Every structure is written in structure tokens, then in C-alpha cells.
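Please read the structure below before turning to the comments.
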Amino acid sequence: MFAVLLAAALALPVVVVLFNLLDLSTDTWRHLADTVLAEYVANSLLLMLGVAFGVIVGGVATAWITTMCSFPGRRLFEWALLLPLAMPAYVMAYAYTDLLQFAGPVQTALREWTGWGVRDYWFPDVRSLGGATVMLALVLYPYVYLLSRAAFLEQSDSMLEVARVSGYGPWGTFRRVALPLARPGIVAGTALALMEALADYGTVAYFGVQTFTTGIFHAWFSLGDHAAAAQLSAMLLGFVFLLLLIERVTRHRAAFHSTSHRQRLRNVYPLRGLRAALAVLFCVLPLVLGFLLPAGVMAHMAFTSGDAQFGARYLTLTGNTVTLAAVTALLAVALALVVGYAARISPTRTVRAANRIAGLGYAVPGTVIAVGVLIPVTRLDHVLAGWVQSFTGANPGLILTGGIAALVYAYLARFFAVALQTVDAGLAKITPSMGDAARSLGLGPGATLARVHAPLLWRSALTAGLLVFVDVMKELPATFVMRPFNFDTLAVQAYNLASDERLAEASTAALTIVLVGLLPLIVLSRMMLRPGPGHRPR
């Protein structure tokens with residue numbers, strides 16, 4: 001019951017937003033349905049398909065190569081492939097637009113080298129649906145890489161040895177053994193990436209791509225029609241429901257538990273010559289395109305004409321950002337362990353439904369979540385203030401919305417799915433017999449979670465904490481709406497400057513976000529290489 005109440009509390013902002021669906025008497029909705037709704041649906045579907053293809057190919061392939069193959073530079077790529085996770089998608093959009101636009105350095109150099117005129121050549125338009133898809137895929141593939149790599153690391157050596165003895169090469173072992181066992185992690189990472197892509201606003205709005213998120217913002221904040229915005233949000237959530245339903249149906253009753261206790265990490269496929277060169281190339285491309293190139297553009301702008309206020313103010317901004325991210329990450333992982341484990345030991349329809357609804361916030365734009373939080377929390381604030389004033393005679397002001405409590409609550413509602421999906425993927429790989437054995441020895445549910453499951457979930461918990469930490473650092477809309485007075489973050493600073501067309505100055509804050517996010521990425525990658533509790537040295 002406690003887990004259901006937690007899930008219900010996290011789902012409340014989404015429910016508040018969807019409550020507006022009861023108001024069907026809106027001309028705005030009929031206007032949207034007659035004009036742009038079909039475009040919203042088509043662009044959102046194409047964006048989903050393109051991002052899904054990109055993150056699965058890039059994330060799974062690089063995870064398998066760096067886990068199971070030995071080639072020059074592998075140790076570097078293990079952690080370097082996580083770097084795009086620290087790059088906000090809207091920052092990458094700004095960088096590539098500056099780089100690839102008509103007056104940018106690439107096209108200018110092309111015209112100088114060839115002597116072509118304006119109409120003598122064709123160049124792809126980065127500010128398009130295809131450009132937005134590539135930007136999001138480059139930023140989001142680390143979700144799949146992290147969870148796939150964690151799944152490959154936790155697979156038993158004995159199964160891979162049997163596959164090799166049976167005559168399977170690297171491709172056969174990957175396709176027949178490793179890939180099916182890693183499916184929960186791959187699906188969880190892909191689902192997170194797709195929900196993030198569907199909820200993205202900064203990139204698609206900057207590129208002029210009409211999706212559900214741009215429609216929601218237009219209906220809510222430009223037209224002032226909350227009901228129409230809620231109806232568009234409901235359709236957006238429908239895409240997520242469809243995604244999760246397809247995965248559940250295709251999975252059937254397949255199990256993905258690892259029952260061996262002799263799990264060791266080693267590189268079983270040494271690569272030489274052309275194969276090694278191809279492996280290096282496959283790892284270099286997403287790293288260069290997803291991090292080094294846009295970070296280089298931002299660094300060039302920051303060091304040549306960055307923010308003049310860089311100094312003590314940025315220490316405050318960094319402290320605010322890290323505090324919010326760390327608090328939210330710790331709470332999200334703790335709640336995900338409780339809620340995910342409750343669904344495992346009591347898989348009733350009520351618990352499963354509560355978990356799925358609680359995870360839908362990730363597919364809702366941050367500003368809509370902020371509004372969904374502000375409506376009930378502001379009312380609660382007034383009630384609390386009235387109680388305090390009645391007992392003390394002093395008006396305490398805004399207790400929740402005047403500090404960071406309401407903002408952290410909005411983050412949890414927005415990013416809880418990240419932690420829950422990651423923890424669920426880890427739980428799916430633990431055979432239920434372990435929990436049954438612990439309970440037969442007299443351990444209760446809490447003790448079983450703490451003493452049996454938690455040690456086996458340490459990689460998944462670390463991954464979940466990292467993902468939430470970095471996501472909160474990059475989050476903009478909810479922070480901008482709900483931050484306390486005179487409490488700014490790095491993302492707000494970058495947005496304020498970029499909205500004033502001061503992109504060179506905004507590059508300082510954007511680059512700081514990237515640099516602060518690098519340390520936890522590297523730490524997680526190093527800890528993923530350490531043997532777990534059940535590992536034996538070879």
C-alpha cells in the first residue's frame with residue numbers, strides 16, 4: 001500500500017493535467033484537429049522511429065564492442081561513450097546550427113574551396129525533422145549504451161563459453177545468447193530515450209519542427225487553452241502507452257534471469273587489423289558527433305567571447321544545480337527501489353497500474369509538469385500557511401513553493417521513470433528463487449530487499465542515480481517556472497542568455513553543465529568495471 005501511495009503522489013501532477021480532459025467544450029481543440037493535428041502525429045511518429053533506430057544501433061553495438069572485444073583504445077571508449085549524456089540537446093542544436101548554417105564555417109569553407117555560388121550546390125538543412133532526429137539520437141544513445149553494457153557485464157562467462165564451444169562466432173554469440181539476455185536493459189534504455197525525445201521542446205522548437213510538445217506549449221501558453229493542451233498531452237501519453245504495450249506483448253512470458261554465480265568480466269574476442277579499425281571507427285563516430293564537435297564549438301565561443309560574469313556567480317549557479325540534482329537522484333533511486341520491489345513481490349493490477357502511471361511524467365514536457373505541480377502544491381501551501389498562522393499568529397509565507405521542495409517534487413514526477421525503468425531492468429535479471437529462499441529463512445520484504453536484492457542491484461542503482469542526476473542538471477522548463485526567487489541554475493543562465501540571442505555568452509553556462517556532468521559519468525563507468533558481490537577472480 002505504501003508503494004502505491006508513493007506512485008500515486010508522483011503521478012498526481014500528470015493526473016492534474018489530464019483532469020482538464022473533462023472540459024471538452026473548446027474551439028481550440030477542434031481547430032487543432034482540423035489543421036495541425038495530423039502533422040503533430042506524423043512528425044512525432046517519425047521522430048520516434050528515427051530516434052529508436054539511432055539509439056538501438058549506436059547504444060547496443062558500442063556496448064557489445066567495448067564489453068566483449070579487445071582492441072586499441074577500448075578502455076578509453078568505455079567511459080568516453082557516455083560523454084554525450086552530459087550534452088543538452090538544445091545546446092547541440094545551437095552548436096550544429098552555428099556550424100552548418102549557410103554563413104557557418106562548413107558551408108563557407110565549401111564555397112571557398114570549390115568556387116560555388118549560392119545555388120550551385122545542395123546542402124542538408126540541419127533545422128529540419130531529420131536534423132532534430134539526429135541531434136536527439138546522438139544525445140540519447142547513452143541511455144541504451146549504459147543499460148546494455150550493464151546487462152552484458154552481468155552475463156555469465158559460462159554461457160558465452162558454451163556458445164563459443166558450440167561454434168558461434170562473435171556475431172552468433174551476440175545474436176543468439178547475449179542480445180536476448182540483455183533485452184530488458186535494451187528495452188528500458190530505448191523507452192527512456194523515446195520518452196525523452198517525445199517530451200523534448202528546446203530542440204524541435206528551435207528547428208521549427210511541429211510535434212506534440214510544440215503544440216502543447218502553443219495551446220497552453222500562447223492560446224491559454226488548458227483543456228486543448230491537456231488533450232494533446234493525453235495523445236502524447238498514448239504514444240508511450242503504445243510503446244510499452246508493444247514491448248509487453250512481444251515479450252510474452254520470456255524470462256531473462258541470470259542464474260549463474262560465476263560472473264566474471266573478460267574480453268573474449270580480440271580484434272586485429274581491419275576489424276579493430278572498424279571497431280575504433282564505430283566508437284569514434286558517436287563520440288565525435290555527439291560530444292567532441294559540439295563541445296568544441298561551445299568551448300571556442302566560451303573562450304573567445306564567453307560570459308563576462310564568469311567567476312563567483314558561477315560557483316553559486318553550480319552549487320545550486322548540483323544540490324538539486326543530487327537530492328533528486330538520491331530520492332528517485334530510493335523510491336524506485338521501493339516501488340519496483342513492491343511490484344515484484346505483489347504484482348497486482350493496482351500496483352502495476354500505479355507504477356506505469358507514475359512513470360508517465362517523463363513523457364510530459366517539463367513546463368506542463370510544473371503547472372501540474374503548482375496547482376495542488378500552491379493550494380496546500382495556503383492551507384499550511386493558514387494553519388501555522390492560526391497557531392503562531394505569524395504568516396510563514398510560501399513554505400513549499402517558496403523553497404526547493406516543490407521543485408524537487410516536480411523533478412521526481414518528471415524523472416521518476418528513469419530510475420524506475422533502470423531498477424526494473426535490474427530486477428528482471430534476478431531470479432525470483434533468491435527472494436523466495438530469503439523469505440523461507442524468515443526475512444521480511446524490507447530485509448530481503450536490503451540484504452539480497454540491493455547488493456545485486458548496485459550497478460542498476462548507480463546507473464539510475466547517474467541518469468537522474470544528469471537529467472536534472474540539464475532540465476530547463478520546470479526549473480525556469482518553479483525555481484525560488486533569486487535561485488538560478490546553469491540551465492536557466494544558459495537559456496536567459498540564448499533567448500537574448502547572446503549564444504556566445506550562453507556557451508559558458510552550457511559548457512559548465514557539460515563539465516560538471518563529466519565526473520559522475522566517469523565514476524559510474526569505472527565502478528561498472530568492478531566485480532560484483534557474486535564475482536570470482538579468474
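The values are calculated or read from the model by the stated rules, or taken from the named source; none is laboratory data. Since we're looking at a predicted model, the values are computed, not measured. Cβ placement follows ideal geometry from the backbone for every residue including glycine, while neighbour counts extend to all protein chains displayed. The accessibility values were calculated without ligands, DNA or RNA, using every heavy atom of the protein model including side chains. Shrake-Rupley method; radii C 1.70, N 1.55, O 1.52, S 1.80 Å.
Worth a mention:
- Any hit, the stretch 112-131, residues being buried (at least 24 other Cβ atoms within 10 Å of the Cβ) and closer than 30 Å to I522 by Cβ: no
- Of all residues in the stretch 358-365, one or more are within 21 Å of the chain's Cα centre (by Cα) and hydroxyl-bearing (S, T, Y).
- Apart from one condition, G117 fits all of (1) part of a helix (DSSP H, G or I); (2) free of Cβ contacts under 8 Å to residues at least 24 places away in the same chain; the exception is (1).
- Flag if A93 is under 27 Å from P477 (Cα atoms), touching a Gly at 6+ places or on another chain (Cβ under 6 Å) and touching a residue at least 12 places away in the same chain (Cβ under 8 Å): no
- Contact map, the stretch 269-280: residues that are at pLDDT 85 or above paired with residues that are open to solvent by 60 Å² or more (accessible area, probe 1.4 Å), Cβ distance under 7 Å, separation 6+ or inter-chain. Pairs shown: A276/P72; V280/P72.
- Checking each residue in the stretch 143-179 for being open to solvent by less than 10 Å² (accessible area, probe 1.4 Å), modelled with pLDDT under 90 and not aliphatic (A, V, I, L, M) picks out Y143, S148, R149, F152, S156, D157, T173.
- Listed conditions (1) open to solvent by 20 Å² or more (accessible area, probe 1.4 Å); (2) modelled with pLDDT of 80 or more; (3) among the polar types (S, T, N, Q) are all met by T211, apart from (1).
- All conditions in (1) over 27 Å from G402 (Cβ atoms); (2) modelled with pLDDT of 75 or more hold for N355, with the sole exception of (2).
- Looking at the stretch 328-438, the helices (runs of 4 or more DSSP H) lying wholly inside it that each contain 3 or more residues that are farther than 30 Å from T448 by Cβ sit at 366-392, 405-428.
- Residue count for the stretch 98-111 under the criterion of being in contact (Cβ under 8 Å) with a residue 24 or more places away in the chain and within 13 Å of L293 (Cβ to Cβ): the result is 3.
- Scanning the stretch 438-468 for residues that are in contact with a helix residue (DSSP H, G or I) (Cβ under 8 Å, 6 or more places away or on another chain), aliphatic (A, V, I, L, M) and over 30 Å from A197 (Cα atoms) gives A438, L443, A447, L449, V452, A454, L456.
- All positions within the stretch 418-442 that are over 16 Å from R183 (Cα atoms) and either at pLDDT below 75 or open to solvent by 30 Å² or more (accessible area, probe 1.4 Å) (or both): P432, S433, M434, G435, D436, A437, A438, R439, S440, L441, G442
- Test for T479: is it closer than 17 Å to A199 by Cα, in a helix (DSSP H, G or I), of a type outside the set (A, V, I, L, M, F, W, C) and open to solvent by less than 30 Å² (accessible area, probe 1.4 Å): yes
- Of all residues assigned to the stretch 404-412, at least one qualifies as being buried (at least 19 other Cβ atoms within 10 Å of the Cβ), of a type outside the set (A, V, I, L, M) and at pLDDT 80 or above.
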